[in-house]
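Chemist: Take a look at the following structure, please.
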């Protein structure tokens, strides 16, 4: 698939999702970007701003199978992955797939489940498979996990460990809409929910082809060096206790490739890396306590840090 076609189809997905998510174009675009990279998305936000709607809209726009898992303290790993049930008629065990077997899986309030249940997603997100009874079972393709967690109401929650956070390609937030946007939400949902009107604008096969095409976007060696310099700067920063992993470098490069493809460009520019570094890296780092007490978030620290990393001169 040509990059121009990737750009055209991505724009159609964004436009379709925006009929249900009003006034949040950047978040919608970056959600689509995450899908194009074959990654998974963590939405950290307050309740009621449209996280579930975003997941449903993305699923409908690509014609995928939508599954939802409501994470609670009593949820078991088998409730996510599935289990083998004994069939008395055949005297054999039959596998009953869990809700993880979908194209778009909403892991709602993921930090309310126990660490054991949270970890049931690790293999699925990284390997695109689940292993049950010693047998690997492949997940559908494409496979996209959109997990949500509440960043305010911490009672009864289990914070995601670093290993789990690192599996997520990016972390985003929808936030409150502006006044005009909120009025538009009231109008659009007065009689029915606009997400029900979304029809597929691309097929699953086209989405897979788009994901493959994104990886063909040219990345100059100097741009690869820049990506590594940005990630290494998080490890050397005096404001951070822990920097981003090498997986962060890989995801940042792929995010920049997808950003270029969505813009119809055939090669990555430094601006693509800069604009996406906070979303891709912030959840992989740990800020020092004194920064948190001052209200400085990891995103803010990374944005400031980017000013100290020399960007290469664009190569034509």
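The values are calculated or read from the model by the stated rules, or taken from the named source; none is laboratory data. All values reported here derive from a predicted model rather than from experimental measurement. As a convention, Cβ positions derive from the backbone with ideal geometry for all residues, glycine included, and neighbour counts pool all protein chains shown.
Chemist: Can you say whether residue 194 is outside the structural domain of residue 264 (by TED's automatic domain parsing), modelled with pLDDT under 90, over 20 Å from the mean Cα position of the chain (by Cα) and under 30 Å from residue 46 (Cβ atoms), as far as the supplied structure shows?
Modeler: Yes; evaluated as a whole, the condition is true for this residue.
Chemist: Moving to a separate point now. Out of everything in the range 138-159 that is farther than 15 Å from residue 54 by Cβ and at pLDDT 80 or above, what residue ends up being nearest to the chain's Cα centre (by Cα)?
Modeler: Once the filter is applied, the top-ranked residue is 143.
Chemist: Further question: Can you pull out every residue in the range 79-94 that is over 16 Å from residue 128 (Cα atoms), surrounded by 14 or more Cβ atoms within 10 Å (Cβ to Cβ) and touching a residue at least 40 places away in the same chain (Cβ under 8 Å)?
Modeler: Those that are over 16 Å from residue 128 (Cα atoms), surrounded by 14 or more Cβ atoms within 10 Å (Cβ to Cβ) and touching a residue at least 40 places away in the same chain (Cβ under 8 Å): 83, 84.
Chemist: Scan (1) modelled with pLDDT of 80 or more; (2) farther than 25 Å from residue 64 by Cα for the single condition residue 175 breaks and write down its number.
Modeler: (1)
Chemist: Test residue 184 against the criterion of being in contact (Cβ under 8 Å) with a residue 60 or more places away in the chain, more than 16 Å from residue 9 (Cβ to Cβ), assigned by TED's automatic domain parsing to the domain that holds residue 12 and surrounded by fewer than 23 Cβ atoms within 10 Å (Cβ to Cβ), and give yes or no.
Modeler: yes
Chemist: If you don't mind, another one. Condition first: free of Cβ contacts under 8 Å to residues at least 12 places away in the same chain and in a loop (DSSP other than H, G, I, E, B). Now tell me which residues in the range 157-181 satisfy that.
Modeler: Once the filter is applied, which keeps residues that are free of Cβ contacts under 8 Å to residues at least 12 places away in the same chain and in a loop (DSSP other than H, G, I, E, B), the range 157-181 yields nothing.
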